[in-house]
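First up is the structure itself, then whatever we jot down about it.
The values are calculated or read from the model by the stated rules, or taken from the named source; none is laboratory data. In this text, all values refer to a predicted model and were calculated from it rather than measured experimentally. In this analysis, Cβ positions are derived from the backbone assuming ideal geometry, glycine residues included, and neighbour counts consider all displayed protein chains.
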Amino acid sequence: MKAKKEFNVYYLIGEKLKHSFSAVIHRGRGYDYSLREISEDRLEAFFKERNFDGLNVTIPYKTECMKYLDFISPLALSVGAVNTVVNKGGSLYGFNTDAIGFYLSLRRKNIELSGKVLILGSGGASKAVRAVCERCSAEYVVISRTGENNYGNIDRHYDADIIVNTTPVGMYPDCEKLVLDIEPFKNLKAVCDLIYNPYKTPLLAEAEKRGIVWQNGADMLTLQALASEKLFDGAKDEDNVAIENFTSLKMQNLVLIGMPFCGKSTVGMRLAERLGREFVDLDTEIEKAGLSIKELIASGEDAFREVESEFVKKYAFESNLVISTGGGVVERRINTDRLRQNGNIVYITRKSLPETLENRPLAQNIEQYENLKKRRAPLYEAAADIIIDNDSSVDDTVDKIIKWWSRQ
């Protein structure tokens with residue numbers, strides 16, 4: 001990797017940036033790179049000051065920023081949007097690496113732009129997707145809120161072969177918003193969403209359920225970042241190296257499910273320690289909030305499940321966590337749907353049981369426990385990405401999880 005000058009300063013600018021992984025990628029590759037939220041009334045002054053060496057630009061300034069630049073590349077002009085700016089001796093040069101990143105990300109999933117492509121959204125990212133469609137000679141239709149083709153008459157386009165979402169609908173922190181119901185689209189062969197946080201938006205989750213090839217924005221993010229670095233200072237890393245570097249970051253959560261006494265909390269704490277992550281025990285978080293699980297269940301299990309679901313929602317859409325769940329979290333499908341959006345789920349099993357089942361209001365003896373286990377087992381299996389037994393040492397269990405995780 002090329003050594004970077006200490007005084008070189010790079011930013012991602014936009015309006016709301018809490019969701020962004022850009023700083024993680026660029027800092028990991030040696031750049032002094034920060035997120036800088038800028039209000040619209042400060043945008044002109046920021047560009048006039050020119051106190052940066054390079055920028056990435058995101059929503060909602062990819063088009064707006066163009067009027068402050070001295071030179072704009074032919075591709076960025078044809079796209080009508082700039083997402084990379086380089087300061088060369090006080091002159092600002094604008095480029096578009098979104099189109100490059102999108103095209104290369106499709107190649108990684110063997111998705112060919114052919115047939116009819118439905119592009120959701122009409123902003124800067126949409127323009128980059130349109131440019132790629134044009135270069136691939138693919139027919140496309142842009143769906144906007146108020147244009148000729150809009151969500152009110154989208155039934156005209158139920159014959160679409162590919163859907164690409166370029167809107168922020170479904171992006172962190174509003175991770176449960178579904179931009180479009182894809183059930184009526186019977187010809188779909190691929191669904192793409194440029195959002196990368198959460199890893200799997202509701203749109204992509206629906207595609208996965210239907211066995212449709214899907215692609216999120218993580219590869220595009222990394223590939224456009226690499227293209228930006230080449231413009232910043234001529235970085236020469238190969239595309240696949242950059243992808244592997246980002247993949248190794250594995251920002252998705254690791255979620256542990258399973259019956260009480262299977263060792264989720266103990267395994268989770270050790271796993272978080274090994275991976276350098278924050279550990280979250282949902283039951284502990286509920287208790288820390290001043291809510292007694294025993295008392296909640298005594299007033300009716302539904303009351304506890306409502307509270308539990310709120311805590312699932314609170315942590316499921318964060319990133320880079322190890323989360324230990326309560327044994328009954330799978331009782332509600334919405335919980336597992338939320339946990340899967342930004343996490344991989346590990347079902348922890350264990351054959352041995354303690355001699356007594358103390359402080360377990362839903363399983364106060366072995367018979368109750370076994371009946372509960374029998375009822376929940378299919379739910380655990382349906383939710384899990386992998387099943388790991390915890391019948392040996394904690395470190396052995398953690399080793400098995402990390403070995404599996406490293407291959408994902």
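Please enumerate the residues belonging to region 58-72 that are at pLDDT 95 or above and either among the polar types (S, T, N, Q) or under 22 Å from C133 (Cβ atoms) (or both).
Correct list: M66, I72.
Taking the condition of being exposed (fewer than 15 other Cβ atoms within 10 Å of the Cβ) and touching a Pro at 6+ places or on another chain (Cβ under 9 Å), how many residues in region 262-300 meet it?
Result for region 262-300: 2.
Residues being free of Cβ contacts under 8 Å to residues at least 24 places away in the same chain and outside any helix (DSSP H, G or I): count how many of those fall in region 184-215.
Our first condition is that a residue be free of Cβ contacts under 8 Å to residues at least 24 places away in the same chain; within region 184-215, this holds for 204, 208-209, 211.
Filter once more, keeping what is outside any helix (DSSP H, G or I): 211.
The number of residues fulfilling the criteria is 1.
If you scan region 114-123, which residues turn out to be over 15 Å from D193 (Cβ atoms) and either in contact with a Leu (Cβ under 7 Å, 6 or more places away or on another chain) or at pLDDT 95 or above (or both)?
Within region 114-123, K116 is the sole residue that qualifies.
From S34, S126, grab the single residue that is more than 25 Å from V164 (Cα to Cα) and modelled with pLDDT of 90 or more.
S34
Within the group N165, N110, N153, N197, which residue is crowded, with 22+ Cβ neighbours inside 10 Å and either modelled with pLDDT under 95 or more than 20 Å from the chain's Cα centre (by Cα) (or both)?
On the way: N165 fails: either modelled with pLDDT under 95 or more than 20 Å from the chain's Cα centre (by Cα) (or both); N110 fails: crowded, with 22+ Cβ neighbours inside 10 Å; N153 fails: crowded, with 22+ Cβ neighbours inside 10 Å.
None of the others qualify; the one that does is N197.
One line per residue, one yes/no per condition, for (1) hydroxyl-bearing (S, T, Y); (2) out of contact with any Cys (no Cβ under 8 Å at 6 or more places or on another chain); (3) closer than 30 Å to R50 by Cβ:
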{"position": "G94", "(1), (2), (3)": "no, no, yes"}
{"position": "L113", "(1), (2), (3)": "no, no, no"}
{"position": "A128", "(1), (2), (3)": "no, yes, yes"}
{"position": "Y158", "(1), (2), (3)": "yes, yes, no"}
{"position": "D181", "(1), (2), (3)": "no, yes, no"}
{"position": "K186", "(1), (2), (3)": "no, yes, no"}
{"position": "K189", "(1), (2), (3)": "no, yes, no"}
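Are any residues in region 58-82 among the acidic types (D, E) and either under 20 Å from T167 (Cβ atoms) or surrounded by 15 or more Cβ atoms within 10 Å (Cβ to Cβ) (or both), and if so, which ones? Even if it seems obvious, please write down each step before you answer.
Let us first name the residues in region 58-82 that are among the acidic types (D, E), namely 64, 70.
Selection gives E64 alone.
Has region 198-218 got at least one residue that is within 14 Å of L118 (Cβ to Cβ) and among the charged types (D, E, K, R)?
Within region 198-218, the first condition is being within 14 Å of L118 (Cβ to Cβ), and the residues that meet it are 203, 207, 212.
Keeping just the survivors that are among the charged types (D, E, K, R) gives none.
Taking every residue of region 198-218 in turn, none turns out to be within 14 Å of L118 (Cβ to Cβ) and among the charged types (D, E, K, R).
Is there a residue being buried (at least 21 other Cβ atoms within 10 Å of the Cβ) and at negative phi anywhere in region 35-45?
No: zero hits.
Can you confirm whether G89 is modelled with pLDDT under 95 and surrounded by fewer than 15 Cβ atoms within 10 Å (Cβ to Cβ)? First the steps, then the outcome.
Numbers: modelled with pLDDT under 95: yes; surrounded by fewer than 15 Cβ atoms within 10 Å (Cβ to Cβ): yes.
Against the criterion (modelled with pLDDT under 95 and surrounded by fewer than 15 Cβ atoms within 10 Å (Cβ to Cβ)), G89 qualifies.
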